[in-house]
Amino acid sequence: MMKEVVFGERTFVPSISAEEIAKAVSRVAERINEDYAGRKPVFLIVLNGAFMFAADLLRQVTLDCTISCIKLSSYHGGLSSSGEVKELMGLDADLTGKDVIIVEDIVDTGLTMHGLIPQIKERGAASVEVCSFVHKPEMLRYEDARPKYIGLNIPNRFIIGYGLDVDEYARNLPEVYELKV
Ligand code: IMP
């Protein structure tokens, strides 16, 4: 049974169970396996948030693929997007001619992916798609950032767990919780 969790002054209630997450992750992995059959994509995992989703997803990816982790300049805590384009850090892989799949925890307004996608294209990638664990479609402001692969669409609520944080905490929770209103 999932119970409420408390971080600082904020209380979060159960939102997405581990079972629902597992089903969503398997659906996404199957689609990627089909769409990229015969190709050798590069998965770019956006740290820190996507680490848990990526670990579960990639165990079910049966393609010959490579995996690189990147970081984007920090998201300044709080409960909404900072509104700044973030700088790409730590990319060591050669992306020339590669089919790149960006693995992200959440696409909210899309600003982060809107900023990142051109930086990947500039490095000569043949194709770039976004695979996000969750997406808040109501919040999307940048059409180019709409993820091709989405685990779950969710309403506009602040969520934590399964990689997603509140002030860097809660990333280790195996389920997703949403802010109690
Ligand atoms: P975007 O640039 O507006 O799409 O926001 C993406 C980033 O905002 C994510 O990578 C998260 O760091 C953060 N974010 C947006 N919504 C949430 C949420 O509900 N919980 C935790 N982080 C979030």
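Any chance you could give the angle, 0 to 90 degrees and rounded to 10, that helix 18-35 forms with the longest Cα principal axis of the chain? The helix 18-35 is inclined about 10 degrees to the chain. Remark: the residue 138-residue 93 segment gains 12.8 nm on full extension, using 0.36 nm per residue and subtracting the alpha carbon distance. When the chain is treated as a GNM with alpha-carbon contacts under 10 Å, the residue of 49, 163, 97 showing the greatest mean-square fluctuation is 97.
Straight-line cross-link partners of residue 71 among the lysines, defined as a Cα under 18 Å from its Cα and at least 8 positions apart when in the same chain: 86, 121. According to the Cα-based calculation, Rg over Rh for the chain is 0.95, with Rh computed by the Kirkwood formula.
In the elastic network of the chain, a GNM with C-alpha springs shorter than 10 Å, the most mobile of 38, 124, 151 is 38. Beta bridges per DSSP, both residues in the chain: antiparallel share near 35 percent. Dividing the convex hull volume of the alpha carbon atoms of segment 85-130 by its residue count gives 71 Å³ per residue. Between helix 111-122 and the chain there is an angle of about 10 degrees, using the helix long axis and the longest principal axis of the Cα atoms.
Each of 135, 114 has some number of other Cβ atoms within 10 Å of its Cβ, and from fewest to most they run 114, 135. At the listed q of 0.13, 0.16, 0.23 Å⁻¹, the Debye profile of segment 98-159, built from one uniform point per Cα, gives log10 I(q)/I(0) equal to -0.31, -0.46, -0.87. For the chain, a simple Cβ point-charge model (Lys and Arg +1, Asp and Glu -1, everything else neutral) yields a dipole of about 160 debye relative to the Cα centre.
Using a simple spin-label model with pseudo-atoms 7 Å out from Cα toward Cβ, residue 11 and residue 47 lie 3.6 nm apart. For trypsin sites (Lys or Arg not before Pro), the sites in segment 1-58 that DSSP calls loop and that have at most 11 other Cβ atoms within 10 Å are 3.
Which entries of 40/136; 40/180; 3/23 show an alpha-carbon separation above 32 angstrom in the structure shown? Correct reply: 40/180.
Every number here is computed from the coordinates shown, using simple stated rules; none is lab data. The structure presented is a predicted model; accordingly, all values stated were derived computationally and were not measured. Neighbour counts are summed over all protein chains in view; Cβ atoms, including those assigned to glycine, are modelled from backbone coordinates with ideal geometry.
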